[in-house]
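Below is one structure, written out as structure tokens, with a few remarks after it.
What follows is calculated from the coordinates using simple rules that are stated; it is not laboratory data. All values reported here derive from a predicted model rather than from experimental measurement. Neighbour counts run over all protein chains shown; Cβ positions are idealised from the backbone, glycine included.
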Amino acid sequence: MAAAIAAAVQEQAQQHGRAPEPARGAAADAEQAVGGATLRAIRGRFDEEDFFGHQPTPTSELPDPGPLLENLTRCVVEILAGARELDQIARWVSDDVYRHLLTRVALSARAREARGQKATRPSISIGSRLQCEPRDGVVEATVVVRGRSRARAVAIRLEGLDRRWRATAIHVL
């Protein structure tokens, strides 16, 4: 089989009056010289993440992130207080954020149980919000949350993926 391919490559090169092209760069993974002709085995550089993974979206194609930042902040505080299920925001956060929040939820539930407290909806108000865009399609923000006894800050990083915002980092300070 290899000899037949080598002969076909050599014949085609002679018909066009040129020598077979040598392998170039990363596209050629293997070379084999057979009867004076060079055979190249080219493996496809198919990375399924390029086609089936999350596709970045520029900021111009995304809605205003302000309402999402405030709602996500409120939801995260309520989730950590035990008043809301984590699954309710699963579509708006990345897998890493989901796992991080799942750990925090388990720890806060254990702490409430040790103190003998029930899970109650916290009485909070959203304070100031500071946001910046370090690059196109990314928003980083801090949102101040005021409760009865203290104020907290929630740091959120939103990335435009698949034409919608997704939180790729959330930290409650």
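Return the Rg/Rh value of segment 59-172, two decimal places, where both radii are evaluated on C-alpha atoms and Rh is the Kirkwood radius.
Values: Rg = 14.4 Å, Rh = 14.6 Å.
That ratio is 0.99, to two decimals.
When a/c is below 1.5 the answer is rounded, else prolate if a/b is larger than b/c, else oblate, so apply that to segment 131-173 with a ≥ b ≥ c taken from the square roots of the Cα gyration tensor eigenvalues.
Working: a/c = 3.45, a/b = 2.50, b/c = 1.38.
Here segment 131-173 falls in the prolate category.
Consider a paramagnetic label point 7 Å from the Cα of Val144 along Cα→Cβ; state which residues of segment 73-106 have an amide N under 20 Å from it.
Within reach of a label on Val144, which here means backbone N under 20 Å from a point 7 Å along Cα→Cβ, segment 73-106 contributes 73-78.
Using a cut-off of 12 Å between beta-carbons, work out the net charge of the residues near Ala83 (Lys and Arg +1, Asp and Glu -1, Ala83 not included). Please list the in-between numbers first.
Details: positive: Arg74, Arg84, Arg112, Lys118, Arg121; negative: Glu78, Glu85.
Result for the neighbourhood of Ala83: +3.
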